[in-house]
Every structure is written in structure tokens, then in C-alpha cells.
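First up is the structure itself, then whatever we jot down about it.
The values are calculated or read from the model by the stated rules, or taken from the named source; none is laboratory data. Here the structure is a predicted model, which means the values were calculated and not measured. Cβ placement follows ideal geometry from the backbone for every residue including glycine, while neighbour counts extend to all protein chains displayed. All accessible areas refer to the heavy atoms of the entire protein, side chains included, with ligands and DNA or RNA removed. Shrake-Rupley method; radii C 1.70, N 1.55, O 1.52, S 1.80 Å.
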Amino acid sequence: MTKSFQQAFNALKEHTCLSYAKIATMGGLCNVDHIIVKATAPNGSPLSDKYVHQLLRLFAISPPCCRAFSLGFARRFGKTRSWRVALKCLLLLHRLLRSSPEDSLFRTELLINRSNGSISLYPCNFRDVSSSDPESFTTFIRSYARLLDEISNEDNHRRRPGPPDNSLEEIGRVLEVLEQIQSLIDRVIECKPTGVTARNFLIQTAMKHIIRDSFVCYTVFKNDIVFLLENMFQMPTYRCCILAFGVYKKAALQADQLYEFYQWCKLMGVCGCYEYPFVDRIPLLQIQALESFINGMWEIKDDDGDHQSPSSSSLSSTAEKVGDEGEEERQPLIKLNDDDGDSWEDILEASVVNFSSHGSDEKDEWRIQVYNPFDGKYVSSDPNYPWGL
């Protein structure tokens, strides 16, 4: 009885708001609040493009409308208990973010209202009371809101094209961008609908925008991860090396998750199959060989007196940022089971090539050949050795 009353009261409230917006529009009092209410009507129709265009025109003509939208969005999204209204609010915000320049007043006003708590996308307090499966719809709305929260925070992952500079600053910037993109991809995967939401038309409409954003992220990610792999053996400090390896290790795990997620989306008919990028998967053997080689590389440098070396079990099991290198205890990244038939020596024998300088008393040098799944070539650790083997 209580649930039925809540649904009836919520439907009456949304219908009243929509009727007021229509009457105000007919009387010539159309403003941002009325456009938001009409765009987010609690029906089964998808978000109309005309409302997005109307708001963009208002933002261009009258900059104060940006602040009015932020406040109106906060009221509409914060008070509703209908998943349809909440979803259309998020879709409207998503479309406007993608259509606005990064330095626009709209983004600035949105950031101000999120900072002062007027707009709360994460944590999101929305709870649906209008459907037969409120938990599934509530979970999807909250996941989508969290994704938009990160998009509005870290929307600088698109970097300008051009040849990268092999400097410490460039490596640090690439590491920062890759961590942001990996976080965004995690949020995209969390938006996978469950239960009755998986086949809902409005949910699938929202998923198309989410998936297409992930295509852009993954394209940037592939380019930067290749640059990171090529420069992993020229890292100036152990801290940079361990951070780079942590990002690369997470990329291997995330590639499997993203592949399965894209396969599910194709099965559900979200976007065309031709739109999906090819997901390059990184074999576990390569991760194990990289860990062993990095340990050995820093030990060799320590023997030569060039760098301070960590212990033989020097790499951490996660991509944690290391503070003071000399004081922290480091554990191995990967622990093989005792039942595994392959030892570290067997793994290294498949990846490391030992060559000596003939006719001299110098020590043997080492280089590793790492397979790059993104372009089908091998990457060498020797800076004087060609990348493509």
C-alpha cells in the first residue's frame, strides 16, 4: 500500500511540474528551468535533441543562463524519485558536457556548484520509487552519475597530437593521463545494467553515449600505453619505473574486463559492431617477464654503482605510489604458486637475450624483448637497439 501510494504521489508531482512548464511556455515565460522540466518528462520517450540545442543557444546568448541551468539541474535531479527523470537529467548533462568547450562558462559554473555541494553526482543520493525493480534502476543511475562526476573532473584526457618528448615531464604527464583514463574505464564498466534495466529502451539509449565515450578514451589509452612501454627501461628513478609497471599491469587486467564488457554490449545491440575498437590484450607471461627483468635491471645498476637498488623482491603487488624509496619494504608484484611448472628462470629464458661483447673483458650485457600487442612488434630494453625486431 505504501509503495503504491509513493508511486502515485511521485507520478502526480512529475505531471504537475510538466504541466506548469507547458503553461509557462505557452505564456511566453520560457526559461532554463522550464526547458529542463520539459526535457526530463517522466515518459518513455528519449531525450529530444531540440532541448539540447535550445540550452546551447541560451548559453551562447546569455551567459547567466549557465548558472541558472546548474541550479535548475540541481533541483530537478536532487528532488526526483523517478528513474526516468533522473536518467534524462544525466543524459542532458552528458550531452551538454560533450557539446561545450573545456574553457566554457558552463563548465565553470558546473564546477562551482559541485564544489559548494549544490550538485551532488558522487556520492549520489538518488533512490527510485517509480518502478517494479527499484534497486536495478537506482544502481544504474548512481553509476552513471559517478561516471559524469569523473568526466567533469578529468575531462582533460584528450591531449594534443604530436610526437612525444622523451623527458621526465612527458613521462610524468603520460602516467597521470593513463591513471585518469583507467579510472574512467572502470566507471564505464560499472555502468553495465543488470536485471530488467539491461533491455530497457531508455537505458540502452544512455549506454550508447557511455560506450562511445569509452571508444575515445581507449583510443587515447592505446597511444599512451605504447609510449609508456617504449620508455619503461629508460625511467630515471625506481619510483617512475614502479609506477609505469603498475599502470601497465592494470592495463592487462582491464583489457580483459573491457573486452568482455564490449562483447556483452554487442550482444545487447548497443551501438554497431563496426564502431567498437579492437581491444589489445596483454599476456600474463609478458607481465611476469617484465617484473623479473626490472628487478634484475636495478640490481645490475646497483652493482655498477650508478643507482641505489631495491631488494630482489623490489616491486609492489599493486601500482602504489612509493614515497621514500629507502625506507619502504617492497613485495614482489606476482607470486607464482608452488605448483606452477615454470620457474622464473624458464620465463626469463623466453624473454631475455644474453649477449657478450666479444674480444673484451667487459661484463655481459642484457636486453629484453617485450612483445607490444598494440602494433605487433617487439620492444627492446637496449636504447641502442632497434624497437622493431
Accessible area of segment 180-248 divided out per residue, in Å², using a probe of 1.4 angstrom: 31 Å²
field: Where Cys273, Cys265 fall by accessible area, highest first, once all protein chains stay in place (1.4 Å)
entry: Cys273, Cys265
message: If I model a spin label as a point 7 Å beyond the Cα along the Cα-Cβ vector, how far apart are those points for Thr237 and Arg212 in nm?
response: 4.2 nm
query: At a Förster radius of 30 Å, what calculated FRET efficiency corresponds to the Cβ-Cβ distance of Val196 and Leu253, to the nearest 0.05?
result: 0.50
message: Less than 12 Å Cβ to Cβ from Ala74, Lys/Arg counted +1 and Asp/Glu -1: what total charge do the surrounding residues give?
response: +3
message: Just to confirm the filter: which chymotrypsin sites (Phe, Trp or Tyr not before Pro) across segment 230-278 are DSSP coil and have at most 16 other Cβ within 10 angstrom of their Cβ?
response: Phe278
task: Quote to one decimal, in nm, the extra length available between Ser183 and Ser120 on full extension: 0.36 nm per residue of separation minus the C-alpha distance between them.
output: 20.8 nm
message: Using a 1.4 Å probe on the protein heavy atoms, what percent of the accessible area of segment 91-153 belongs to carbon and sulfur?
response: 48 percent
query: So what is the orientation-averaged projected area of segment 170-274, using the convex hull of its C-alpha atoms, in nm²?
result: 6.9 nm²
- request: Take the cross-link list Lys38/Lys208; Lys50/Lys88; Lys38/Lys266; Lys88/Lys249; Lys88/Lys222 and give me the ones stretching past 25 Å between alpha-carbons.
  value: Lys38/Lys266; Lys88/Lys249; Lys88/Lys222
task: Could you tell me what percent of the accessible area of segment 193-233 is made up of carbon and sulfur, with a 1.4 Å probe and every protein chain present?
output: 54 percent
Theoretical gain in end-to-end length, Trp264 to Val220 [0.36 nm per residue, Cα-Cα removed]: 13.6 nm
message: Quick check: net charge around Asn125, other residues with Cβ under 11 Å of its Cβ, Lys/Arg +1 and Asp/Glu -1?
response: +4
